[in-house]
Amino acid sequence: MKAWQVSQWCEPEEMKLAEIPRPEPGPGLLLIKNAAAALNFFDLLLVQGKYQSKPPFPFTPGSEVAGTIEAIGPEVTGFSLGDRVQAITSGGYAEYTLASASRTFRIPDAMSFAEAAAMPVIYQTAYLALKQRGQLKAGEWLLVHAAAGGVGSAALQIGRSLGARLIATAGSQEKLDFCLSQGANYALNYRDESWVDKVKEITGGRGADVIYDPVGGEIFDLSTKCLAVEGRLLIIGFAGGRIPSITANRILFKNISVVGCYWGGYLEHFPDFLAQVQAELFQMYEAGQIKPVVSQTYPLPDAPAAMRALAERRTYGKVVLTI
């Protein structure tokens, strides 16, 4: 089978599209014939050696796939050959991928493979952050940073379904228009630092009740200035590059909460939560409350170009490889 291989820390253009043996599923595993694989920003960091986990060489990036079940390993029940599925796994930039049965789910008939690949990580992260960790309530103000990206657009959709009032930030007029199309009540350009004052103005001086921050850096610093009393600042990631810090006295004096929302780490401690979350997300999809936005697709051989477009912020929603 064909698979993108990383043999040293490098840029996407230095990866190699190699011919490697097709794996066989061991106990608890499924072999998926991939129809689509989604890109995430952390794929780029993984290839560059900048991510918090570093797999042994050679490895294939890609953590979200969708396709059909090609083979079923021992001790696996509940699946049949040919089932249409999505999975969270590793090695997604390939024609076939092994996935744990516990992290593989049959998808609704109406869901395309591209949508299915684009769904797992971002929607599960947004669900964990907004509903489980952030305790977002109907009528509260939710501020979503980088809201035109995959993880941001998922947060907008889930926040809307929970009845929140939505403020989005993004870096261009095209992306601001996209945020409004996804249900944002207001869309602000984060390149203009006056967005902090505008958040206060929009919320009547109160500030945002919940802030969803996948960027970090200066965006995090400024967010602390427009967070409401008893507000929750949700840390999703650090796409901006700098890992920020905050002094404890600011948390104390403002009576705010700074909340970590790392989905992968959460699953390590609460593995049974995954099936519950995914079942609810599928219900939301079938009710029309959420819908993965696939803005661009690339064939598998063009994975480096797809990753470069993501790195240079030339995308919105999710980017997906078709296989």
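The values are calculated or read from the model by the stated rules, or taken from the named source; none is laboratory data. Remember, predicted model here, so these are calculated numbers, not experimental data. Because the Cβ atoms are built from the backbone with ideal geometry, glycine has one as well, and the counts that use them run over all protein chains shown. Keep in mind that these areas ignore ligands, DNA and RNA; they rest on the heavy atoms of the full protein, side chains included. Shrake-Rupley method; radii C 1.70, N 1.55, O 1.52, S 1.80 Å.
Things worth noting here:
- With θ taken as phi - 60° and the Karplus curve 6.51 cos²θ - 1.76 cosθ + 1.60 applied, the whole-hertz 3J(HN,Hα) list for the range 127-142 is 5, 4, 5, 7, 8, 7, 8, x, 6, 5, 10, 4, x, 6, 8, 10 Hz, x standing for glycine and proline.
- The distance from the alpha carbon centre of the range 87-151 to that of the range 1-36 is 21 Å, rounded to a whole number.
- Karplus-based coupling profile of the range 241-253, in residue order and whole Hz: x, 8, 7, x, 9, 9, 6, 5, 5, 5, 4, 5, 5, with θ = phi - 60° in 6.51 cos²θ - 1.76 cosθ + 1.60 and x standing for Gly or Pro.
- By the Stokes-Einstein formula, at 1.002 mPa s and 20 °C, the chain with its Kirkwood radius over alpha-carbon pairs has D equal to 107 µm²/s.
- GNM on the chain, alpha-carbon springs under 10 angstrom: the most fluctuating residue among 295, 63, 181 is 181.
- At most 13 other Cβ within 10 Å, DSSP loop - trypsin sites (Lys or Arg not before Pro), the range 42-110: 50
- Surface composition of the range 1-148: carbon and sulfur make up 53 percent of the accessible area, probe 1.4 Å.
- Between residue 100 and residue 206, the contour length at 0.36 nm per residue exceeds the alpha carbon distance by 33.6 nm.
- Estimated from helical segments only, the mean residue ellipticity of the chain at 222 nm is -8000 deg cm²/dmol, where each DSSP H run of four or more residues counts as -39500 (n - 2.57).
- Model label zone, residue 255; criterion: amide N under 16 Å from point 7 Å along Cα-to-beta-carbon; scope the range 200-220: 206-210
- Eligible lysines near residue 225 by straight Cα distance, threshold 22 Å, same-chain separation 8 or greater: 137, 198, 200, 254
- With contacts taken as Cα pairs under 8 Å at a separation of at least 6 residues, the chain carries a relative contact order of 17 percent.
- Put simply, the amide H of residue 233, placed in the peptide plane, has neighbours under 5 Å in 211, 257, 258, 259, leaving out anything fewer than 5 places away on its chain.
- Accessible area in square angstrom per residue, the range 233-275, 1.4 angstrom probe: 61
- Difference of contour (0.36 nm per residue) and Cα-Cα distance, residue 272 to residue 296: 5.4 nm
- Amide H within-cut-off set for residue 76, under 5 Å, with H built and near neighbours excluded: 28
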